[in-house]
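Structure first, then comments.
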Amino acid sequence: MVSQQARSRAVGEEDLERHQEESLATLQTTQSFHQKSRSNRFSRSTAIIVCLVVANLVLIAQCLGIWDPARWTPLSAGRKTDADEPIPLDSILPAARGEVGDLSIFTKRRGTTALTEPSVSCDLCPEGDDFCMELGYHNIARSVVYEGTAGSHRAVLVLLTGISSQSLCIGSNERVHAFLRKLEQGKPVSVGVIGGSVSSGHGLGRETNTNEKNGPYNMHRQVFDWITTKYPHPDHKFTNGALPATGSLYFATCFGEHIPEDVDIIFVELAVNDVRHVTVQIEYEQLLRGLLDLPNQPAIVNMQVFGLLFDPISQGGDQHLGVANYYDTPVVSTRSLLLPMIFEDYREAEVFFSVDPKKPGAAWHDRVDERHFGWRGHSAMSNLTRIYLERQLCKMHALASLEEQGFAPRKSSLKWPSRRIIKEVPKMLLTNKYNRNNFVPKLQPQCLSTISEKHPLVPSESFGWTFWNWKEKRYLVGRVPGSKMSIPFKATLGDVKVYYQRSAKYGLGQADCWVDDDVKGKVRLDGYWKNDYSIVVSTMIRKEIPPGRHVLHCEVAEETSDTLSNGHEFRITSLTAL
């Protein structure tokens with residue numbers, strides 16, 4: 001028996017030496033190939049692009065059932081033989097508070113530290129999660145538009161490019177994991193919300209007779225309640241800073257008026273508040289940079305809803321996706337889950353959108369609010385977000401457990417971005433042209449707003465201007481030509497913007513605005529346009545004014561573009577200065 005074991009070890013050592021020699025020969029061949037490739041001007045970047053294309057083809061093949069990753073083992077692990085032994089994953093990965101469920105196995109090769117891809121992972125539903133189990137994997141996968149996790153083609157990319165698997169993940173989830181670690185350490189957290197009328201809960205009150213913005217049926221409150229139930233602490237904080245009819249344009253500079261500085265996670269819901277225009281990317285990017293730069297380095301999760309009222313269905317949320325990827329902020333969407341059901345039967349909209357119970361006999365379009373979710377729509381959005389956080393919790397535990405076993409899944413070579421760099425705010429704007437000398441500083445805008453309690457927009461002098469409220473919207477309004485007002489502000493970089501409403505409905509007119517005594521540099525603002533929607537827009541009044549205190553002046557003009565009503569009313573919501 002001993003001699004047989006000795007012979008087996010000898011054979012194993014010979015096999016190992018032979019594999020090492022083959023690997024060395026392969027490496028030399030590869031180096032020779034690269035030398036020839038360089039001479040042919042075949043760059044490393046081109047090679048990586050080719051590898052990415054191949055990897056995507058492999059992913060497609062896997063989805064079609066043509067290729068099975070379970071039958072493939074990385075070269076570093078050698079060919080699969082009888083020497084391979086299955087190791088139950090629960091011996092490596094402890095269950096996350098007993099909620100991970102039945103997990104599969106890794107395959108660990110004797111004498112090496114190589115692991116194959118797990119056949120099943122944290123994508124499994126936690127035990128007892130009925131909503132998750134009812135949805136099925138395919139619906140959950142479609143709903144998490146950008147998760148920040150590696151696909152099954154990761155190992156192929158590692159093999160072909162030599163880049164570490166962690167560096168090739170779609171995203172890192174570093175900030176989300178930091179938030180979850182804080183919860184697991186028993187510390188209190190602060191949760192903030194930036195959003196529009198859906199986040200404000202419009203329509204929930206008439207369905208549930210509860211507080212729309214902070215009641216138990218609001219999707220953000222539901223996520224917060226899940227957090228406090230799973231990780232109870234008396235000092236957890238929740239701030240819903242959502243504002244109806246408000247998008248990235250306003251929040252990019254005024255978010256600080258509506259959520260505290262010490263937030264640990266921010267749920268952003270602006271997919272239907274931002275219009276489907278490329279300029280939305282600029283505004284949304286400025287918002288993300290401002291939020292990510294907050295003192296606690298908060299995590300950001302984009303919660304995307306959709307509406308049936310808009311033309312087209314696609315709105316600003318689709319402009320957000322590339323920017324969200326660049327800033328490594330996950331995106332969870334209800335559209336891919338709910339819209340196919342509505343396509344099959346339009347009456348499904350009554351299930352997920354707000355329905356007016358006082359109009360039982362009214363026409364369908366008068367009874368169903370095609371813009372705002374009802375309580376079931378809120379529940380779907382909150383549950384998808386909770387499932388995403390559960391999956392990240394599981395993956396965080398998996399990474400920690402593997403590190404305890406001596407593996408290094410989060411380690412990358414020095415030539416590739418470190419975890420520290422990934423967690424930082426990128427030095428350049430995605431929506432700007434590359435300039436190696438033009439790094440973007442941390443912006444600290446001043447925001448004066450009619451809907452802010454911290455820094456309200458209050459004129460120092462006013463003639464003919466009054467404050468007016470309508471459905472939680474507040475404006476500073478001038479109604480008569482010649483009405484004039486002045487607002488003091490402080491500038492640092494020198495850019496000054498005025499935010500005002502534009503609409504084809506309300507008989508809006510024009511106004512002239514200028515800074516200090518520069519009347520010749522006045523800018524004409526027009527509240528009327530022919531678009532079929534009404535939103536707040538902004539216009540730059542001055543750029544590069546000297547740092548310090550200044551005064552903005554605005555005066556209602558005699559002219560108007562609304563020839564039908566001949567209206568002159570002008571509505572201002574805020575002023576921002578950089």
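Quick look at the numbers
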read-out	value
Some residue of region 374-391 being crowded, with 17+ Cβ neighbours inside 10 Å, of a type in the set (Phe, Trp, Tyr) and modelled with pLDDT under 90	no
All positions within region 406-430 that are over 30 Å from Ile282 (Cβ atoms), touching a residue at least 60 places away in the same chain (Cβ under 8 Å) and loosely packed, with under 14 Cβ neighbours inside 10 Å	Gly406, Lys411, Ser413
Positions within region 508-554 being at pLDDT below 95, small (Gly, Ala, Ser) and in a loop (DSSP other than H, G, I, E, B), in sequence order	Ser534
Odd one out for Glu461 among (1) farther than 30 Å from Arg571 by Cβ; (2) modelled with pLDDT of 90 or more	(1)
Region 380-425: number of residues that are part of a helix (DSSP H, G or I) and of a type in the set (Phe, Trp, Tyr)	1
Number of positions in region 222-240 that are in contact with a helix residue (DSSP H, G or I) (Cβ under 8 Å, 6 or more places away or on another chain) and surrounded by 22 or more Cβ atoms within 10 Å (Cβ to Cβ)	2
Checklist (1) within 28 Å of Tyr500 (Cβ to Cβ); (2) surrounded by 11 or more Cβ atoms within 10 Å (Cβ to Cβ); (3) modelled with pLDDT of 85 or more applied to Pro445, failing item	(3)
Criterion (farther than 29 Å from Gly205 by Cβ and either assigned by TED's automatic domain parsing to the domain that holds Ser200 or at pLDDT 95 or above (or both)) met by exactly one of Leu308, Leu338, Leu292, Leu287	Leu292
Single match in Ala299, Ala252 (criterion: closer than 30 Å to Phe131 by Cα and either surrounded by 23 or more Cβ atoms within 10 Å (Cβ to Cβ) or touching a residue at least 60 places away in the same chain (Cβ under 8 Å) (or both))	Ala299
Per-region count, region 509-562, residues of a type in the set (D, E, K, R), crowded, with 17+ Cβ neighbours inside 10 Å and closer than 14 Å to Phe489 by Cα	1
First in region 388-401 and in contact (Cβ under 8 Å) with a residue 60 or more places away in the chain, second anywhere and among the hydrophobic types (A, V, I, L, M, F, W, C) and in a helix (DSSP H, G or I), Cβ under 7 Å, 6 or more apart	Gln392/Val176; Gln392/Leu180; Leu393/Leu180; Met396/Leu180
Members of region 349-401 found to be among the polar types (S, T, N, Q) and more than 20 Å from Arg221 (Cβ to Cβ), listed by number	Gln392, Ser401
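The values are calculated or read from the model by the stated rules, or taken from the named source; none is laboratory data. If you're wondering where the values come from, they're calculated on a predicted model, not measured in any experiment. Note: ideal-geometry Cβ built from the backbone for every residue, glycine included; neighbour counts use all protein chains shown.
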